[in-house]
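The values are calculated or read from the model by the stated rules, or taken from the named source; none is laboratory data. Predicted model, so just to flag it, every value in this text is computed and none were measured. For neighbour counting, all protein chains shown are included, and Cβ atoms are generated from backbone atoms with ideal geometry for every residue, glycine included. The accessibility values were calculated without ligands, DNA or RNA, using every heavy atom of the protein model including side chains. Shrake-Rupley method; radii C 1.70, N 1.55, O 1.52, S 1.80 Å.
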Amino acid sequence: MELSRWLLVHGEAAQYGVFFGLFTFLAVVERRRPFRPLGPQRLPRWPANGMLTALNVVVLGALPVSFLGMARFAEANGIGLLHAVALPGPALVLANLTGRGLISWVTHLLMHKVPLFWRIHRVHHLDTELDVSTTVRFHPLEFPIALAVGLPLVLALGLTPWLLVLYEVGDVAVTLFSHANVDLPGPIERLVRLVVVTPGLHRVHHSTRPEETDSNFGAVFPIWDQVFGTYRTATREPPREMAIGLAEVRDARSRSILWLLGVPLLSRLDAAGLGRRAQESR
Ligand SMILES: [Zn+2]
């Protein structure tokens, strides 16, 4: 079977296979050879991160529309930029993958810049450490927003369905890797980050310093951050010691599933938001 047909038939299973296989592998690696020291806060974060991940799998399955459905519609009706121009094979592959990467970059930028979206995306950034369990730690409302922003762009670009699936499988692999508490040797890291996002690059985005959080919005390819001037390779503090998360909330609230689900209702986060109870549960 050709790769294109195989991906259209088995793409979803491939995404789950890559997710569970690579998740397990990286969890073992980051336990044996962690880049940042394993503090006492590491494991208490996992129940909330695991519950959000499980919830998101259900939400994703329940959403009535998908990027793939839109790409199929665009292809069937010849709609969109990439269906209007006749690109040779390799250029078409590159245009589809980087085009999908641009949709992801724009969506992530909006998550940070639109105040209402940021209330939701904060859940991902409230994690006070970074490891493979952070990868799908999102508020479930993030997915309908990503669809609302992305669906018109999938149509406008005219993405090819099987290349979209190829991107999604790659996205699972790269995002698990970029959130993991691992590091590549310097020269290899510099080589890999020419093409895809590395843990060293994505860690900058999870810094508590706002100017560092406002960089590296790319999930798979760093190219759009380079194009739009949001590419940053280093943090002010040493990456092993730098604070991760948001400066406002460092206590047990960041590990409480109920509090995290209610976070979008809060206009701003307060270090003393829960008063004494939060202080005591630290
Ligand atoms: Zn972000």
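Kindly provide the set of residues from the range 1-57 that are closer than 30 Å to Ala252 by Cα and outside any helix (DSSP H, G or I), ordered by number.
Residues satisfying the conditions are Arg33, Pro34, Phe35, Arg36, Pro37, Leu38, Gly39, Pro40, Gln41, Arg42.
Working only within the range 142-186, note down all residues that are within 14 Å of the chain's Cα centre (by Cα) and of a type in the set (Asp, Glu).
Listed by number, the residues that qualify are Glu142, Glu168, Asp171.
Could you give every pair whose Cβ atoms fall below 6 Å, whose first residue belongs to the range 98-109 and is open to solvent by 40 Å² or more (accessible area, probe 1.4 Å), and whose second residue is of a type outside the set (A, V, I, L, M) and assigned to a helix (DSSP H, G or I), counting only separations of at least 6 or pairs across chains?
Correct list of pairs: Leu102/Trp224.
Of the residues Leu191, Leu147, Leu166, which is open to solvent by less than 40 Å² (accessible area, probe 1.4 Å) and at pLDDT 95 or above?
Exactly one of Leu191, Leu147, Leu166 is open to solvent by less than 40 Å² (accessible area, probe 1.4 Å) and at pLDDT 95 or above, namely Leu147.
Out of the residues in the range 272-282 that are loosely packed, with under 12 Cβ neighbours inside 10 Å and part of a loop (DSSP other than H, G, I, E, B), state the one that is modelled with the lowest pLDDT.
Out of the qualifying residues, it is Arg282.
Any residue at all in the range 40-59 that's under 21 Å from Val149 (Cα atoms), among the hydroxyl-bearing types (Ser, Thr, Tyr) and touching a residue at least 24 places away in the same chain (Cβ under 8 Å)?
No, there is no match, as no residue in the range 40-59 is under 21 Å from Val149 (Cα atoms), among the hydroxyl-bearing types (Ser, Thr, Tyr) and touching a residue at least 24 places away in the same chain (Cβ under 8 Å).
Could you grab me the full set of residues in the range 113-168 that are farther than 30 Å from Phe35 by Cα and among the hydroxyl-bearing types (Ser, Thr, Tyr)?
Hit for the range 113-168 is Thr160, nothing else.
Counting residues that are within 30 Å of Leu269 (Cβ to Cβ), which helices (runs of 4 or more DSSP H) fully inside the range 73-190 reach at least 1?
Hits in the range 73-190: 89-113, 115-125, 142-157, 161-179.
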